[in-house]
Amino acid sequence: MSTDTSRQDRLLTADIVRFTRRSARRYRRSQSSWGDRFVDAYSWGLGIGVSLTIAASFVLALRNEIASRASTSGSIIREQWLVLPEPVLWTCLTFVVLLAVGNLARKLGPLAVNGPESSWWLPLPLDRRPMVLPPFLRKAALTAAGSVIAYVPFSMVTAVDRGPLEHLWAALTFGAAAVNAVVLAAAQQLGLLGRWSGRMVTAVILAVCSAATLMSASPWPTAFAAVVAVGLLAVVGTRAGEVPGEELVRGGAVAGHAGASLFMMDSNEVLRALGAGRKKVDGGRAARFYTRPPRSPLGALIRADTVAFLRLNPPLVPPIMWLAGSIAILLVEGGLPEFVQLAVLVIAGCATASGMGTVARRTAMVPEIDALLPIHAALVRTSRMLMPCAAMAVWMGMLSGVLVFLGAANPALIGVGAMAGIGMGAGSIRGALRTQPDWSAPPVETPFGPVPRAQLGSLLRGLDVTVLAMIPLMVALYLGYVPSLVAVVQLAFSAGIVLVVALSRPKHA
């Protein structure tokens with residue numbers, strides 16, 4: 001009798017889900033005509049086609065450039081005495097990407113429901129499996145397809161000696177590994193794996209899958225990763241209805257917030273969404289800052305910003321990973337083109353700097369509070385910049401010190417790097433305090449389709465000065481030494497960026 005009842009519950013739940021999906025599709029179709037859908041499909045198809053053509057030409061050109069290089073003579077490290085085997089680097093990079101996929105899946109919640117579904121479906125005394133399992137399987141399928149497509153150009157650039165079939169096997173292995181990362185995140189949602197045991201099991205499985213991507217001459221590694229993915233899907237799929245309701249709502253809220261922020265091209269909201277509930281606040285940090293009372297309002301604000309920066313537990317793993325990754329790229333056996341090495345350093349610096357504006361992003365949500373402070377607005381922004389500038393100066397100083405140790409330039413590069421870090425920290429504050437994109441401005445027609453120029457300008461606010469602060473440092477690395485003019489220009493750039501960020505007034509729409 002209980003078996004018949006559970007079967008009836010599942011059938012009733014499936015009918016409810018089917019009715020909801022059908023009603024939603026009918027409503028969306030009623031809001032647009034066939035002509036509008038054709039124009040949208042044509043615009044998207046044209047833009048994607050042009051973008052893929054340019055990307056393919058770039059990948060092939062980079063592949064030919066790497067294939068024709070027989071030594072590291074063009075590296076920014078002129079005399080390379082430490083060489084990292086190429087397979088080790090690409091395996092570690094694949095492993096880090098898979099860990100990032102699993103971490104992102106845990107934050108978004110592979111098993112989740114959106115707001116209306118949580119209000120209607122979850123209170124019903126029915127089996128939740130038909131509600132959450134089909135979307136979960138679609139996410140796994142999309143993850144697999146996207147991972148396979150994304151890994152093909154990576155394989156073509158990093159393994160020029162592979163044949164077309166070997167590239168395909170490696171891409172399929174990576175796609176199965178990405179599915180494993182998503183399913184393991186769902187297993188942690190279900191409580192099948194504990195917090196630390198789940199991380200250990202995930203790391204071991206993904207490490208094995210990362211090594212399997214190198215063995216592309218045989219289909220057996222692909223079969224192994226696929227069998228593991230199917231087995232994990234079977235285990236999680238049978239218990240998908242046991243996810244707690246609060247976890248389903250949390251995952252749906254984070255995914256909805258992040259998706260809406262991406263659609264609105266607001267990177268600050270994306271970071272806020274992914275950082276929601278990331279970790280608890282540590283009240284023990286910076287306790288010595290409370291021992292003496294402040295002597296001035298500015299001193300109190302600086303102390304508050306310092307304590308907030310430390311108590312929010314800035315994650316140390318991403319900056320360390322970016323530092324190690326950027327150095328590893330320079331040491332790879334065979335060498336990469338010089339412009340690729342410099343581009344990796346710029347990307348690593350921008351990615352690290354973007355994580356330093358957490359306090360400014362949170363205070364920017366309620367700007368009226370800063371207006372109540374008995375301090376000039378320029379001093380408030382200067383106080384916000386102190387800790388990000390100091391942190392980025394230390395990070396860039398460490399990076400420059402390692403480059404000097406490897407022989408990329410003379411020791412003066414460390415001072416130039418520290419000055420560049422100050423400007424990059426100010427750039428992170430500029431990005432954190434950016435205004436909302438102006439959606440009243442019309443898009444501009446380009447060969448890629450309509451481009452929202454005003455929105456892109458708002459999105460790049462902060463990133464522009466961060467890249468500008470790194471230009472003198474990149475010039476010094478390209479030259480192999482630090483001329484006096486480069487040091488002076490670096491000081492002028494960093495000081496100018498700090499002044500611009502401190503004295504600029506945010507524009508309100």
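Points to keep in mind about this one:
- Any chance residue 467 is open to solvent by less than 60 Å² (accessible area, probe 1.4 Å), aliphatic (A, V, I, L, M) and within 14 Å of residue 415 (Cα to Cα): no
- Test: residue in the stretch 392-400 that is touching a residue at least 24 places away in the same chain (Cβ under 8 Å), open to solvent by 20 Å² or more (accessible area, probe 1.4 Å) and touching a Ser or Thr at 6+ places or on another chain (Cβ under 8 Å): no
- Residue check for residue 137: open to solvent by less than 30 Å² (accessible area, probe 1.4 Å) and either closer than 22 Å to residue 259 by Cβ or part of a helix (DSSP H, G or I) (or both): no
- Qualifying residue in the stretch 82-92 (condition: touching a strand residue (DSSP E or B) at 6+ places or on another chain (Cβ under 8 Å), assigned to a helix (DSSP H, G or I), at pLDDT 75 or above and not hydrophobic (A, V, I, L, M, F, W, C)): yes
- Near pairs, Cβ below 6 angstrom, 6+ apart or cross-chain, from the stretch 217-243 (in contact (Cβ under 8 Å) with a residue 12 or more places away in the chain) to any residue that is surrounded by 14 or more Cβ atoms within 10 Å (Cβ to Cβ) and of a type in the set (Val, Ile, Thr): 221/173; 222/173; 225/173; 229/179; 232/183; 233/183; 236/183; 240/132
- Qualifying positions in the stretch 334-354 - of a type outside the set (A, V, I, L, M, F, W, C) and touching a Ser or Thr at 6+ places or on another chain (Cβ under 8 Å): 334, 335, 338, 341, 349, 354
- Meets criteria (within 30 Å of residue 16 (Cβ to Cβ) and modelled with pLDDT under 90) for residue 182: no
- Criterion: of a type in the set (Val, Ile, Thr), open to solvent by 20 Å² or more (accessible area, probe 1.4 Å) and either out of contact with any helix residue (DSSP H, G or I) (no Cβ under 8 Å at 6 or more places or on another chain) or at pLDDT below 85 (or both) - qualifying residue of 204, 152, 148: 204
- Residue tally, condition outside any helix (DSSP H, G or I) and more than 26 Å from residue 158 (Cβ to Cβ), over the stretch 203-246: 3
- A single entry from 160, 179, 249 fulfils the requirement of being in a helix (DSSP H, G or I) and either in contact with a strand residue (DSSP E or B) (Cβ under 6 Å, 6 or more places away or on another chain) or open to solvent by less than 60 Å² (accessible area, probe 1.4 Å) (or both): 179.
- Residue count, the stretch 252-280 (criterion: assigned to a helix (DSSP H, G or I) and open to solvent by 80 Å² or more (accessible area, probe 1.4 Å)): 2
- Tallying residues that are modelled with pLDDT of 75 or more and of a type in the set (D, E, K, R) within the stretch 121-132 yields 2.
- Checking each residue of the stretch 67-79 against the condition of being closer than 26 Å to residue 177 by Cβ, surrounded by 15 or more Cβ atoms within 10 Å (Cβ to Cβ) and either over 23 Å from the mean Cα position of the chain (by Cα) or modelled with pLDDT of 75 or more (or both) gives no match.
- Of all residue pairs spaced 6 or more apart or on separate chains, those with beta-carbon atoms under 7 Å, a first member in the stretch 471-497 that is more than 19 Å from residue 337 (Cα to Cα) and among the aromatic types (Phe, Trp, Tyr) and a second member that is at pLDDT 90 or above and assigned to a helix (DSSP H, G or I) are 493/423; 493/468; 493/469; 493/472.
- Check on residue 118, more than 22 Å from the chain's Cα centre (by Cα) and either at pLDDT 80 or above or among the hydroxyl-bearing types (Ser, Thr, Tyr) (or both): yes
- Residue among 363, 352, 358, 382 that alone is under 17 Å from residue 465 (Cα atoms), open to solvent by 10 Å² or more (accessible area, probe 1.4 Å) and among the polar types (S, T, N, Q): 382
- Criterion applied to 329, 369 was being of a type in the set (A, V, I, L, M, F, W, C), assigned to a helix (DSSP H, G or I) and farther than 22 Å from residue 432 by Cα, and the one residue passing it is 329.
The values are calculated or read from the model by the stated rules, or taken from the named source; none is laboratory data. These numbers come from a predicted model, not from an experiment. Note that each Cβ is placed from the backbone with ideal geometry, even for glycine, and that neighbours are counted across all protein chains shown. Side chains included, ligands, DNA and RNA excluded: accessible areas come from the protein's heavy atoms. Shrake-Rupley method; radii C 1.70, N 1.55, O 1.52, S 1.80 Å.
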